[in-house]
Amino acid sequence: VLERSYNTEAQKHSQRSYSYVQPHASYKVAILGAAGGIGQPLALLIKMSPLVSALNLYDIANVKGVAADLSHCNTPSQVADYTGESELANCLKDVDVVVIPAGVPSKPGITRDDLFNINANIVKTLVEAVAYNCPDAFIHIISNPVNSTVPIAAEVLKQKGVYDPKKLFGVTTLDVVRANTFVAQKKNLKLIDVDVPVVGAHAGITILPLLSKTKPSVAFTDEEVEELTVRIQNAGTEVVEAKAGAGSATLSMAYAAARFVESSLRALDGDSDVYECSYVQSDLTELPFFASRIKLGRNGVEAVISSELQGLTEFEQKALEALKPELKASIEKGVAFVQKQP
Ligand code: NAD
Ligand code: LMR
């Protein structure tokens, strides 16, 4: 009797946990750079998604152990590991969303732009493989400098004849996550309700939080606006300095990237109410790429939301004009990197 009741309990438990994580859809996600500081916690968070049926992990090193470890979690997705260039094509087969956090991170005294020399080539090579193997996938670029790596990816996709600007995203979700956190702390608001749009791009002054558009509506003094804006712009450096040589933000970044993946999967699954900020091809300004709120749909960017750039405060308008030359240069650097190659 005891044994039977144990069995029944075990069965009930396994049924309960199974039904709790029963997938309502089955999307395939690949992470390129999956064994890194961002890649590992991001893989764990994606492994918890009920929308994912296959999670393909690629890295040039150490990915086997990460995949073996994760594969023991009793959530629906199947985890597979791929390593070395010869396995990249298989990793990308039939994938719906590709997330790219491959590359070197910052250290104290090293800016995102300093990472260009190493990461530009890594992103170029990985996006070439995406172009050949899953040209219809949503591509989420995390590798820095995002302001240049997204234009690099676009140029590569153009060269391969498969560029769909609606499906290429620079991940700027961490800027929104930080802005929401800092504003909620400063103004003593319930965190879950706070939503601050962050536009521009993802480095220093190109990160522009639109505090005047914060929801719920909240009044800031000029000093608060100045202080919060600078903190949001330098939040990456805050983490880089605290880690003192051990890298940049990984856990908060994984959290933010997982949110962006989940939003993309919900959009692919037909949810018609999915909005995120992201750095995408855009005609909101004279710059070819610009981060703003977008509406996500089955085919990627369904709309770039222009309303939040209207009625800016004088501070925001000035900051917007001030970021343009730097962002323009970063975009041109990325484009030139691909175009000058034989
Ligand atoms: P990390 O060094 O811990 O991990 C990077 C991983 O990439 C490593 O496992 C490495 O083996 C792998 N890798 C290197 N070359 C590769 C290649 N050719 N193919 C596949 N994998 C390769 O670094 P991290 O902390 O995970 O950061 C990764 C990147 O993300 C950095 O460029 C960092 O600046 C950037 N980042 C972006 C944001 C953002 O908001 N967009 C935030 C934080 C960090
Ligand atoms: C971040 O915003 O944390 C990252 O882009 C890493 C960095 O170099 O600041």
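Among the candidates GLY33, GLY39, the residue that is under 21 Å from the mean Cα position of the chain (by Cα), within 16 Å of ligand 2 (Cβ to nearest atom), at positive phi and at pLDDT 95 or above is uniquely GLY33. In the condition set (1) crowded, with 19+ Cβ neighbours inside 10 Å; (2) under 28 Å from SER306 (Cβ atoms); (3) among the aliphatic types (A, V, I, L, M), ALA249 is compliant with all but (2).
Residue selection: VAL63 satisfies the criterion of being crowded, with 21+ Cβ neighbours inside 10 Å, under 19 Å from ALA254 (Cβ atoms) and near ligand 1 (Cβ under 9 Å from one of its atoms). Can you name the residue in the range 281-296 that is touching a helix residue (DSSP H, G or I) at 6+ places or on another chain (Cβ under 7 Å) and closer than 25 Å to LEU115 by Cα and, of all such residues, is nearest to ligand 2 (Cβ to nearest atom)? So, considering only residues that are touching a helix residue (DSSP H, G or I) at 6+ places or on another chain (Cβ under 7 Å) and closer than 25 Å to LEU115 by Cα, the one nearest to ligand 2 (Cβ to nearest atom) is PHE289.
Yes/no per residue for (1) touching a Ser or Thr at 6+ places or on another chain (Cβ under 7 Å); (2) over 21 Å from ASN147 (Cβ atoms):
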{"position": "PHE260", "(1), (2)": "yes, no"}
{"position": "GLY270", "(1), (2)": "no, yes"}
{"position": "VAL274", "(1), (2)": "yes, yes"}
{"position": "GLU286", "(1), (2)": "no, no"}
{"position": "ILE294", "(1), (2)": "yes, no"}
{"position": "VAL301", "(1), (2)": "no, no"}
{"position": "ALA322", "(1), (2)": "no, no"}
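In this structure, ALA131 does satisfy being crowded, with 19+ Cβ neighbours inside 10 Å, touching a Leu at 6+ places or on another chain (Cβ under 9 Å), part of a helix (DSSP H, G or I) and not hydroxyl-bearing (Ser, Thr, Tyr). Checking each residue in the range 242-301 for being free of Cβ contacts under 8 Å to residues at least 60 places away in the same chain and within 21 Å of ALA102 (Cα to Cα) picks out LYS243, ALA246. The single condition among (1) touching a residue at least 40 places away in the same chain (Cβ under 8 Å); (2) buried (at least 16 other Cβ atoms within 10 Å of the Cβ); (3) in contact with an Asp or Glu (Cβ under 9 Å, 6 or more places away or on another chain) that GLN339 does not satisfy is (2). Considering ILE118, ILE100, the condition of being within 16 Å of ligand 2 (Cβ to nearest atom), free of Cβ contacts under 8 Å to residues at least 24 places away in the same chain and either more than 27 Å from PRO151 (Cβ to Cβ) or within 21 Å of the chain's Cα centre (by Cα) (or both) is satisfied by ILE118 alone. Scanning for something among the basic types (Lys, Arg) and either at positive phi or not in a loop (DSSP other than H, G, I, E, B) (or both), does the range 141-158 turn up at least one residue? For the range 141-158, residues among the basic types (Lys, Arg) and either at positive phi or not in a loop (DSSP other than H, G, I, E, B) (or both): present. Going residue by residue through the range 168-177, is there one that turns out to be touching a strand residue (DSSP E or B) at 6+ places or on another chain (Cβ under 6 Å) and more than 26 Å from LYS107 (Cα to Cα)? Yes, the range 168-177 contains a residue that is touching a strand residue (DSSP E or B) at 6+ places or on another chain (Cβ under 6 Å) and more than 26 Å from LYS107 (Cα to Cα). Applying the selection to the range 98-116, what residues are surrounded by 17 or more Cβ atoms within 10 Å (Cβ to Cβ) and either among the charged types (D, E, K, R) or not in a loop (DSSP other than H, G, I, E, B) (or both)? Once the filter is applied, which keeps residues that are surrounded by 17 or more Cβ atoms within 10 Å (Cβ to Cβ) and either among the charged types (D, E, K, R) or not in a loop (DSSP other than H, G, I, E, B) (or both), the range 98-116 yields VAL98, VAL99, ILE100, ARG112, ASP113, LEU115, PHE116.
Selection of helices (runs of 4 or more DSSP H) fully inside the range 170-265 by the criterion of at least 1 residues being modelled with pLDDT of 95 or more, closer than 24 Å to LEU296 by Cβ and within 12 Å of ligand 2 (Cβ to nearest atom) returns 173-187, 222-233.
Here's the yes/no breakdown for (1) crowded, with 23+ Cβ neighbours inside 10 Å; (2) more than 16 Å from ligand 1 (Cβ to nearest atom):
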residue	(1), (2)
PHE138	yes, no
VAL162	no, yes
PRO165	no, yes
LEU189	no, yes
VAL199	yes, no
ALA203	no, no
ALA219	no, yes
GLU238	no, no
LYS243	no, no
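Taking the residues in the range 66-86 that are part of a loop (DSSP other than H, G, I, E, B) and touching a residue at least 24 places away in the same chain (Cβ under 8 Å) as candidates, determine which candidate is nearest to ligand 1 (Cβ to nearest atom). For the range 66-86, the residue satisfying everything is GLY84. Per this entry, SER17 is counted among residues that are at pLDDT below 95, of a type in the set (Ser, Thr, Tyr) and either out of contact with any Asp or Glu (no Cβ under 8 Å at 6 or more places or on another chain) or part of a loop (DSSP other than H, G, I, E, B) (or both). Annotation note: Cβ proximity below 9 Å between a residue of the range 138-150 that is within 12 Å of ligand 2 (Cβ to nearest atom) and a residue that is aromatic (Phe, Trp, Tyr) (sequence gap 6+ or interchain) occurs for ILE141/PHE169; ILE141/TYR279; ASN144/PHE116; PRO145/PHE116; VAL146/TYR279; ASN147/TYR279; ASN147/PHE289; THR149/PHE116.
The values are calculated or read from the model by the stated rules, or taken from the named source; none is laboratory data. Computed from a predicted structure; not experimentally measured. Here the Cβ is made from the backbone with ideal geometry for all residues, glycine too, and neighbour counts use every protein chain on show.
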